[in-house]
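To start, the structure itself, in structure tokens.
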Amino acid sequence: MENKLYTPEPIPEDAPFSFREKIKHYNALLVYTLSFWRKLLLAALIGALIGLGYAWLKPTTYMGRTSFVVEESKAGGGSIMSALAGQMGVDIGGLTGASGVLAGDNVLELVKSQSLIRKTLLTAFDSSGKSLADVYAESYGWKTKWLNSSKVGIEINFPVNKKTNRLQDSLLQRIIKQITEDELSIAKPDKKLGFFELEVTMRNENLCQLFCQRLLKSTIDFYIEAKTRRLSNNVRRLQNKADSLEATLNQKTYSSGTANRMLLDLNPAYSNNQANAEISTREKYMQGTIYAEIVKNLEMSKTALIQETPTIQIVDEPLLPLKKNQLHFAIGALLGAIIALAGMSLFIIIGKEK
């Protein structure tokens, strides 16, 4: 048998690309789509009605924004105070306990902590005795749902700055979850600067303002207290020790004066009073030396406390009226009509291509 050589079939070449052909194709699709103008008009009308309904049903929200700057302390191992303290045998760095754990960027997570949000929600809204949590639940209609729910079935009120029960804690966690996930944001616009922006969005305008202000205040108080807790305790202990030594030293000074006065009228044959006067003077000198060292360390600790305390300055506060987030009816209808037209056009084109 003869061996036949295999000859591959030629591969057809693609048609050359032409803008004119593409434009003709798109024009044909447009003309075809417009031929169903009744369906398009009906879709636009239905979309506009849906957009109007969404704009009407969408609740109005208010946004409170506050900006603040965090200036960290400049105390450190290379500062002049630390150098002077080192020569005297005192380590200010050790006294302050600064380890960088609470750096400025940690404010981002601190604001979102459940404990601070919970503490803020349990503060008073006004003189009526309602808490911020009560007003929040009323604004979102949750109190009515809880009352009609088979799992709750009772009217729920959140006490102001008081202990809550298990049911109240469970419902508070739901409120906190919604706030942290949908309504609270904290950001640092510029990584090189110490500015932070806190934004809160809620349905009640006064509630939004109060929550934003009080949450920031609770965060600032916690942040400063955590940064200076160890040094504040050292200052308090040194102050108590200095006060105690000062009282003892004053008593010893009076006792020493009395012993020296008795020594002037003493018969030289009696030596006990002379020894008592010398002992009293020596003890007064020793206590005076100890008191001077305690006061020196106290003043150095106070200086370190001032240096270690961060400065948090509020730049902008949420002032009434807050920014109102509301979808206007015209915009809702227009967006609904555009989306419906796009969807119907796509459906017609896909049907033609098949």
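Values quoted throughout were computed directly from the atomic coordinates according to the rules given, and no laboratory measurement underlies them. Model, not experiment: these values are computed from the prediction. As a convention, Cβ positions derive from the backbone with ideal geometry for all residues, glycine included, and neighbour counts pool all protein chains shown.
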By the Cα gyration tensor axes a ≥ b ≥ c (a/c under 1.5 gives rounded; else a/b larger than b/c gives prolate, otherwise oblate), the shape of segment 130-212 is prolate
Provide the net charge surrounding Asp221, with neighbours chosen by a C-beta distance below 13 Å and charges set as Lys +1, Arg +1, Asp -1, Glu -1.
+4
Anisotropy class of segment 121-173 from Cα gyration tensor, a/c 1.5 cut
oblate
In this structure, among Lys145/Lys217; Lys188/Lys323; Lys119/Lys192; Lys151/Lys217, pairs with alpha-carbon gaps over 25 Å are Lys145/Lys217; Lys119/Lys192; Lys151/Lys217
If you add up the charges near Ile46, with Lys and Arg at +1 and Asp and Glu at -1, over every other residue whose beta carbon is less than 15 angstrom from its beta carbon, what do you get?
+2
Would you mind checking segment 163-206 for residues with the amide N under 15 Å from a putative spin-label position 7 Å along Cα→C-beta of Val315?
186-199
Need one number: nm distance between label points at Lys324 and Ser244, each 7 Å from Cα along Cα→Cβ, rounded to one decimal.
6.4
